[in-house]
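**Q** Handing you this structure, nothing more for now.
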Ligand code: GDP
């Protein structure tokens, strides 16, 4: 079987089936004398890390491995999908290793909001979720915002030790590391991958100047994100690419908002009030009355209410209703991976609908 083939770069078991999975190498490479997985190949020849994903079991192995190392853990989350990209339980695995929390995709949030306010919010959320990071930073890996600050922080906090970068898929971990590689090595220098002794083997090292290394760990797939229920083209629609322009709706009781055909919010009671929607600018929001909403969805999901597309409706999970009483002011109703709706005054009753399997939750407002 294929498990006999081991990558000489990182030591992972090579497979030839899933190009996005860990240890992938094209079938033709099995005949070569020195076998190297695609991820190590790219690092070696293009100075680039590639995002690969892992099964939950494999990721558990990596987490367990982190408890045995001695270094700085850099945890990256997607600020647009903070909760969905959180990696719950990390603090139970990392042992005594310090954690630096980095929120990526800062460029998506309104420029008018103070960055200090956002990092404070992240600190509070982290604490509630059981994590006590040394520090919290906001960056944009694509725009290059605050990358120098992040590198400085990493260099200070690592105290000469190795750095382990963790995050779930799609948080922008590869983009972030590739930025760092460019800054550290310049364009031309070639990085060699090296074996990571002692632990799970599927991490790759990027050497730092003092003999320590920055180590890229594979990302975990978070199954509760909307991204897994839409096709590639629709993922482009729901993933914001630039600063989100919030849309404000003045709603009466018994009115409904549809987010394409992917999610729905019924405003049940609490008097006339405004709801502020933070979703991709390309996702159409449709307003109707609660009494008409079921019928509208049945008739128009896949067409007027899109994404998902008509052809994908058969496989698209049913929307499941979750009722919430908004007791605190400034509360976000979060649709994992899709965005959130902010309610500023307490005393509203709402019902949020998401595809079966997708998370929906309340949190104190991010903005
Ligand atoms: P990984 O799976 O964590 O390695 O994530 P990637 O680096 O492959 O990035 C996932 C997606 O997020 C890609 O479409 C990136 O272009 C996008 N992305 C990464 N960093 C940023 C960022 O700072 N801002 C924005 N808006 N998008 C980003």
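**Q** Would you mind finding the one in 127, 111 that is at pLDDT 90 or above, surrounded by fewer than 20 Cβ atoms within 10 Å (Cβ to Cβ) and outside any helix (DSSP H, G or I)?
**A** So the residue among 127, 111 that is at pLDDT 90 or above, surrounded by fewer than 20 Cβ atoms within 10 Å (Cβ to Cβ) and outside any helix (DSSP H, G or I) is 111.
**Q** Can you confirm whether region 303-317 contains a residue that is assigned to a strand (DSSP E or B) and surrounded by 19 or more Cβ atoms within 10 Å (Cβ to Cβ)?
**A** There is at least one residue in region 303-317 that is assigned to a strand (DSSP E or B) and surrounded by 19 or more Cβ atoms within 10 Å (Cβ to Cβ).
**Q** Moving to a separate point now. Provide a single number: the residues in region 63-81 that are modelled with pLDDT of 90 or more and surrounded by fewer than 22 Cβ atoms within 10 Å (Cβ to Cβ).
**A** 2
**Q** Conditions first: (1) surrounded by 18 or more Cβ atoms within 10 Å (Cβ to Cβ); (2) more than 18 Å from the chain's Cα centre (by Cα). Residue 159 passes all but one, so which condition is the exception?
**A** Evaluating residue 159 over (1) surrounded by 18 or more Cβ atoms within 10 Å (Cβ to Cβ); (2) more than 18 Å from the chain's Cα centre (by Cα) leaves (1) as the failure.
**Q** Right, next: Restricting the search to region 269-287, which residues are more than 31 Å from the chain's Cα centre (by Cα) and assigned to a strand (DSSP E or B)?
**A** 269, 273
**Q** Next up: Take the residues in region 220-236 that are crowded, with 19+ Cβ neighbours inside 10 Å, within 21 Å of residue 305 (Cβ to Cβ) and within 16 Å of the chain's Cα centre (by Cα); name whichever of them is nearest to the ligand (Cβ to nearest atom).
**A** 227
**Q** Does residue 75 count as under 19 Å from the mean Cα position of the chain (by Cα) and either in the same structural domain as residue 165 (by TED's automatic domain parsing) or assigned to a loop (DSSP other than H, G, I, E, B) (or both)?
**A** Yes.
**Q** Name the pairs: first residue in region 232-244 and in the same structural domain as residue 338 (by TED's automatic domain parsing) and closer than 13 Å to residue 284 by Cα, second residue within 11 Å of the ligand (Cβ to nearest atom) and assigned to a loop (DSSP other than H, G, I, E, B), Cβ to Cβ under 6 Å, at least 6 apart or on different chains?
**A** 238/280; 240/280
**Q** Restricting the search to region 346-367, which residues are part of a strand (DSSP E or B), under 24 Å from residue 302 (Cα atoms) and within 19 Å of the chain's Cα centre (by Cα)?
**A** 354, 355, 360
**Q** So, in region 152-175, exactly how many residues are assigned to a helix (DSSP H, G or I) and away from the ligand (no atom under 14 Å from the Cβ)?
**A** 7
The values are calculated or read from the model by the stated rules, or taken from the named source; none is laboratory data. Being a predicted model, the structure only gives us computed values, none of them experimental. Positions of Cβ are backbone-derived with ideal geometry, glycine not excepted, and every protein chain shown enters the neighbour counts.
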